[in-house]
Amino acid sequence: MNKTVTVFLGPQHPGAPGNVSFKVVLDGEQVIDIDLIPGFLHRGFEKMMEYRRWDMDLVMSARICVEDPDHVELTYTHAVEQIFGIEPPEKAKYIRVIVAEFSRIASHLLWLMHFAGPIAARYAVGWAIAAREEVLKWFDYITGHRIYHHYIFPGGVRWNIPSDFKEKTLKVLKTIEPLVKDIEVGFFKHPVFQKRAMGLGRLKPTEAIRLGATGPTLRGSGICHDLRKTLGYDAYTELEFKIPRGEYGDAYDRAMIRINEIYESMNIIRQALEKMPMDGPYRWRLPMVMPEGEGIGRVESARGEFVAHIINYRGNQIGRRSLAPYRIKFRGPTMPLLTTILKYIVKNEDITIADLPVLIGSFDPCPPDIDR
Amino acid sequence: MKCFDAELLDKLPEKYRDKLCFVGSDTGKRHEVTVDPEDIREVLKTVLEAGYQQLVGITVIDYPDQGVFELVYMLTSIDKKGALVTIRTRILRDNPVIETVSDIYPLAYYQEIEAYEFFGIMFRGHNGLRQWILEDNWAGPPPLRKDVDTRKIVLELYYGGKRYERPVQNRSLEEHGSWGEKQ
């Protein structure tokens, strides 16, 4: 009896990684083929942004990736700043680094919840959310918002920092560090988790590059590539940090990279707090009308390379002085992870349906950046 | 104008070597070359040989006043510390057909589907052009084209032509007035 069954996984399934569905072709328990079905969170942002002013678009851009909004704002900001041809003030560069790294920590902690939940490690879920809550409170204190902050703004940052910024920030780091250590010992060193994740979904470095992997997935395969280091945007050139990388490229390596990145982010924040100038301007005021031009913003987000490509062109609209950008394209890091790479692993390895949540979870997908 | 990638210049087809330039600033600095649409496969193959192994994305820009679609292929190299190359090409708006590059860069398969459903560009040799993100959710023309007013189409298709008003459900509210007055 050699009969294949087609099963739909998601979008309502608790084990599905967010707002996507998969069409899984099964032979018994074995997964033979997997197809992504996106579009459950398509809001048409790229079209909506063409109707709105460029400063309104920033608020919208944060909605593209719920878990890691500050990096999307940062790409958008980089692209707009290239069109205006300006550099942010020195102080704003450091504040941006701190906000972006906190966003990375919050994103990785939320990923821990998504990842540990389907493996039924409920304790790790609680600890991760408790640690993330501290970060969200910090965001509330510094930006006035918990989830979407709209704090990084073209020309600098939106508001100045409070006077007790350093003490409060260090206190948050002090609170979450033991929680993260607990998670590392209790979850990542747990034999059940190691048994499930080790050797699962191995990705060779050459294949990872060819299929378009970026971020922790690429570094998990042993390639030392990080845009923070190579492009050195904002204040990252002034700071010293290591790039964690894996050895075997399996699900366990990809998971360990994220926990190491949380420590590395804390290290970056501590350094930035020390080197940061406490006075000076925090934002240049920009004119309402964006000049014609083109900008490409690229940052290393929590999941990989995030790109915003903005084209401002007036053409036959001369005289109308349109305040909206002509075209904005966002490229998220999730599309290669859930399409080419997932398909490659399923075709080349014995994956059962019970392994799927661990495998998909180890990529840390954020499906809204496919849909946009 | 400095830090020119000599390897890329070497590998490019001869007719485009003069056109290669270095533009942009900050995180957007890159090599850029504008090519004819019929040479796109040949050029991308040479760029792959020059070490740019990853396709970051394909941006499509619609210029109805010039009657063209512009396609921007963004390619990056891991070995060269994330260096970026953008290949630009222009195709006619009336006949938007271009060769597929999905066999050269695997991610292009999905990026081309996106370009097809949002702009209606046909990719010759691509075997899976379909509605992917918009599946079952959009009946109008390709929505990201500049001459398509999505707001108007949405009102006509899904709101019965009335602005912000569902004709049947909201009537009861109108009849009864606002919440407080009826009491």
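Some notes on this structure:
- In segment B:26-41, the residues that are touching a residue at least 40 places away in the same chain (Cβ under 8 Å), within 14 Å of another protein chain (Cβ to nearest Cβ) and outside any strand (DSSP E or B): B:Gly28, B:Lys29
- Test: A:Ala272 is among the hydrophobic types (A, V, I, L, M, F, W, C), surrounded by 22 or more Cβ atoms within 10 Å (Cβ to Cβ) and under 27 Å from A:Tyr344 (Cα atoms): no
- Residue in segment B:2-25 that is in contact (Cβ under 8 Å) with a residue 40 or more places away in the chain, part of a loop (DSSP other than H, G, I, E, B) and more than 9 Å from chain A (Cβ to nearest Cβ) present: yes
- Residue within segment A:257-269 that is surrounded by fewer than 19 Cβ atoms within 10 Å (Cβ to Cβ), away from every other protein chain (no Cβ under 11 Å) and in a loop (DSSP other than H, G, I, E, B) present: no
- Residue within segment B:67-74 that is surrounded by fewer than 20 Cβ atoms within 10 Å (Cβ to Cβ), more than 24 Å from A:Glu305 (Cβ to Cβ) and modelled with pLDDT of 85 or more present: yes
- From the list B:Ala108, B:Ala83, the lone residue that is farther than 21 Å from B:Val23 by Cα, within 10 Å of another protein chain (Cβ to nearest Cβ) and hydrophobic (A, V, I, L, M, F, W, C) is B:Ala108.
- Within segment B:61-81, the residues that satisfy the criterion of being without any contact (Cβ under 8 Å) to a residue 40 or more places away in the chain, over 15 Å from A:Cys224 (Cα atoms) and not in a strand (DSSP E or B) are B:Asp65, B:Gln66, B:Gly67.
- Qualifying residue in segment A:281-295 (condition: within 14 Å of chain B (Cβ to nearest Cβ), buried (at least 24 other Cβ atoms within 10 Å of the Cβ) and not charged (D, E, K, R)): yes
- Considering segment B:54-66, and only residues there that are crowded, with 20+ Cβ neighbours inside 10 Å and facing chain A (nearest Cβ under 7 Å), the residue that is farthest from A:Gly295 (Cα to Cα) turns out to be B:Gln54.
- Residue satisfying all of: in segment B:82-98; among the polar types (S, T, N, Q) and in a strand (DSSP E or B); nearest to B:Ile40 (Cα to Cα) among these: B:Thr89
- Condition met for B:Val97 (farther than 24 Å from A:His42 by Cβ, exposed (fewer than 12 other Cβ atoms within 10 Å of the Cβ), hydrophobic (A, V, I, L, M, F, W, C) and modelled with pLDDT of 85 or more): yes
- Within segment A:22-62, considering residues that are surrounded by 21 or more Cβ atoms within 10 Å (Cβ to Cβ) and not in a helix (DSSP H, G or I), the one farthest from the other protein chains (Cβ to nearest Cβ): A:Val31
The values are calculated or read from the model by the stated rules, or taken from the named source; none is laboratory data. Just so it is clear, the structure is predicted and the values come from calculations on it, not from any experiment. We place every Cβ from the backbone using ideal geometry, glycine too, and count neighbours over all the protein chains shown.
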